1. State which residue pairs qualify: first residue more than 15 Å from C:Leu266 (Cα to Cα) and in contact (Cβ under 8 Å) with a residue 24 or more places away in the chain and inside segment C:64-83, second residue open to solvent by less than 10 Å² (accessible area, probe 1.4 Å) and part of a loop (DSSP other than H, G, I, E, B) in any location, beta carbons under 9 Å apart, and separation of 6 or more residues or different chains.
2. Output the residues belonging to segment A:266-310 that are closer than 30 Å to A:Met223 by Cα and touching a helix residue (DSSP H, G or I) at 6+ places or on another chain (Cβ under 7 Å).
3. Looking at (1) touching an Asp or Glu at 6+ places or on another chain (Cβ under 7 Å); (2) over 22 Å from B:Leu142 (Cα atoms), find the lone condition where B:Ser183 falls short.
4. Of everything in segment C:227-252, what is among the aromatic types (Phe, Trp, Tyr) and out of contact with any helix residue (DSSP H, G or I) (no Cβ under 7 Å at 6 or more places or on another chain)? Give them in sequence order.
5. Tell me the residue from A:Ala160, A:Ala151, A:Ala204 that is at pLDDT below 85 and of a type in the set (A, V, I, L, M), please.
6. Step by step: first the residues of segment A:163-189, then only those that are among the hydroxyl-bearing types (Ser, Thr, Tyr) and modelled with pLDDT of 75 or more, then the one that is nearest to the chain's Cα centre (by Cα). Which residue is that?
7. Looking at B:Asp214, B:Asp244, B:Asp179, B:Asp186, which one is at pLDDT below 90, open to solvent by 10 Å² or more (accessible area, probe 1.4 Å) and under 14 Å from the mean Cα position of the chain (by Cα)?
8. Tell me, which residue of segment C:128-144 that is touching a residue at least 40 places away in the same chain (Cβ under 8 Å) and closer than 28 Å to C:Ser196 by Cβ is nearest to the chain's Cα centre (by Cα)?
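The values are calculated or read from the model by the stated rules, or taken from the named source; none is laboratory data. Computed from a prediction, not measured in an experiment: that's the story for all the values here. Here the Cβ positions follow ideal geometry from the backbone for every residue, glycine too, while neighbour counts run over all protein chains shown. Protein only, heavy atoms only, side chains kept; ligands, DNA and RNA dropped before computing areas. Shrake-Rupley method; radii C 1.70, N 1.55, O 1.52, S 1.80 Å.
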Amino acid sequence: MRAYVAYVGQRFLILLATIILAMTIVFLLPRLVPGDPMGAIMAKLSSVGAGRGNEALIRDYMERFGLNKPVWQQYIDYLVQLAQGNLGYSIANFPAKVSDLIFTALPWTVGLLLVTTVLSWLIGSVLGAVVGWRESKSVTIRAVVVLALVAYTTPYYILAILLLFAFAFLVPIFPLAGAYEVGTKPEFTFAFTVDVLRHAALPAMSIILVSLGWWFLSMRSLMISIKGEDYILWAEAKGLFPRRILWRYGFRNALLPQATGLALSLGYLVGGALVTEVIFGYPGIGWLIFSSIKGLDYPVIQGSVMLIIISVALVNFAMDLIYPFIDPRIRQAQTG
Amino acid sequence: MTPLLQARDVTKIFKGGLGDRAATVALKNFTLALDAEQPTIIAVVGESGSGKTTMGRMLLGLERPTTGEILYRGKNLLRLAREEAKQFRIEVQAIFQDPFGVYNSFYRVDHVLTVPIEKFGLAHNANESRAMIERALKAVGLKPEDTLGRYPNQLSGGQRQRIMIARALLLRPKVIIADEPVSMIDASLRESILKNLLQLKQEFGISIIYITHDLTTAYQISDSIIVLYRGEVVEQGGVELVNDPQHPYTKLLISSIPVPDPNRPWGEDEEWSQSAHAERTV
Amino acid sequence: MALAAKDIITEETPSAAPPGYSTLILQNRKIVFGGILFLLILGTALAGALMIDPKLRRSGSITRKLPPHAAAVLGTTSLGQSVAAQMTEAVPNSIQVGLIAALLGTVIGSLLGFVSGYFGGWVDAVLRVVIDVFLAVPVLLFLVLIAALVRGVTVQHMAIIIGLFAWSWPARAIRSQTLSLKTRPFVDVARISGMSGFDIITRELVPQMLPWLGANFVNAFIVAILAEAGLSILGLGPQREMTLGMMIYWSLSYGSILQNMWWWWLTPVVTLMLLFLALYLIHLGFDEVSNPRLRTQV
């Protein structure tokens, strides 16, 4: 138990460090990058909507970035603002608040990521286990392995472009862009659900295919190495059913490293999903960032980036908490 | 007279990871003084896990004691000035167990010989360095033309270990700590390697701390013996103690030496090993 | 009693000199094939740059929206540029981004990994947290932040920005490799031969890890090209220069898929894929050289 507490403490430290790092980098970057981007943001601000909101906007910014105060004072003010959940206003869509824009986009990204990650991880792991266990060198299996290798080495966005071309243009089964038909309103009806699924199919497929390849390959090599372990030979010698050995002895022991991989790949996965959203015009955070880049809407970029980094760190932390229950070795061994 | 090398009440504890309570006491209150004026061979005998290797590594300054101190000419190893540290490295040398792992496979075997010459500034030019190396190789019975310029995997274990002896000899140390120098050598070559060690003492006046699990070879070449058992010294004295062991573990060690007598039945000393086993599992 | 268990009879048959790294690399089919493919891509682009008039890169220099034909072997864009002419600029630029970023990332990563792994102690404790943090963070987002701030990025800016964030994987890999290497007896021998920690890292550990460093370098190369294209597609690439990522960005912006101008988007996409294939093969090859046990696997 003491070891577990120490372990959790260490992981918590990393979580804390990540959050502080993210906030600090977001704070420091505009001040470090040459060419006075702060000035550019202010200039952009004063040029937006010469009307009512303008004054308030600039005042809000002067307060948030307090350019006349010393840097450490600015930093503390900024942290206080963040703690209150205040991310400021969007420039391009004034008077929309950054947090509102993010929370409109967030469900799409989270939904897409959640479904694709779980699906690809499950399918890839099970397929990899079966293929790795068989150890056969048949043409089919070799072809599957090569295919997985190709899928895994293909960047998300390239697969996305190819899928878009194939299934939205050549054979137009799926829509070209968006998350639902223009003109419909999000509601819980059957027709709308089908529409959402149809729109999500291609982005999801491009993410699933790429990560599937990775999970498949890593599970397969894990299984191949596990097959040589003494406890498997022992299980075989005891005369257990091969199916039982595969799932109870092999698969279970490969699950932990496979789960650890999931946490490590999350950052990469999120990055890939963001670009995929852009290609499919899918209205998640990636698309929000993309349109904010076009509109020089720095507050929105800032807020989205910070939010994603912190969420990824939180998810990683949650997974770290769970590992020891999947595998007690972590509790015993040193945390390095 | 301050001893050249001294271990004073040294304890080494290996800790597990963060918050891990399972710590291992590798060595407990170990004390040893080596006065190198009179060359001598001290054997440190013990089974694996007895702490003998840890002891050797601490004497070499490769590992820090948890408590207690290692002194070189009366000064704590951790507080040596730059020049003293260099002198210590030259005077206290080592031969290791694994005659393959001690070589960096990227380099030819010459590497282990040229590096100390370069680092300690022992030669003024390449010729002098070459001559030193050849002298040292010849001293341990190797032909320079057969050894230099080769990769470690092109030489036999015996040759590789002799190069390591030559390497130590190059520096003209006062003490060599030899950690199981023959245990990974082909049995037929052990004798000649042991002779090399003996020769280091007799011809070159180098003292040796001979770390081994093998009481027979210890008896053959050493002047005194220290028996380590689970990190503690259980017996210590002149090499004659083998004839009259006091501690049960020493007795067990002696009785487990195989005697090449076909008439003597196996398992005669079973009783001993059983009682020792019982003691160990307590 | 396990007293005699350590006695291992070493084999006494001297064998041939071990093959050097250069031999191992030249004998590795994956490295050779990947290398040839890579040089082919780069070579074609460089040769093309000599043969195709650079003016055709400018918009309006040629009839718009033409499929591949004699005057423009890879067709023309909606803005009236020759795709082939663009490629002669884009390929070397993308490779340049990869090279600079990978170099930066590997050097920084090696530095951190070696120091953290070899010296241990509190330095390692701090560095480990830093490395873990950067591993867990979607680095692309930091790049988005910076690239969004730096107005008018150039290819070199991109390379440096990406390189500054490309060190976490090399650092982690090199740290763990250093941890295992530093317990090897030859490191002890180096220590008692008067080598300092710095000596040991540069003269004992680095040579042992050359193929490993190579694999990490190539991996960082792949990641950097990936990041360049990703950033460009997000609209953060060098607007005034051409890279493979920017070609995809422009072609998508002008709806080349919908207008069936396949030559425009397909050219950079296929080139990127070939580039990845080449680099990935080299990476696998280096992995095999540094870890001989892998050689028997598929």
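1. C:Gln81/C:Ala72
2. A:Leu266, A:Gly267, A:Leu269, A:Val270, A:Gly271, A:Gly272, A:Ala273
3. Among (1) touching an Asp or Glu at 6+ places or on another chain (Cβ under 7 Å); (2) over 22 Å from B:Leu142 (Cα atoms), the lone unmet condition for B:Ser183 is (2).
4. Result: C:Trp250, single match.
5. Exactly one of A:Ala160, A:Ala151, A:Ala204 is at pLDDT below 85 and of a type in the set (A, V, I, L, M), namely A:Ala151.
6. Checked segment A:163-189; the qualifying residue nearest to the chain's Cα centre (by Cα) is A:Tyr180.
7. The unique qualifying residue is B:Asp214.
8. Going through the qualifying residues, I end up with C:Ile131.
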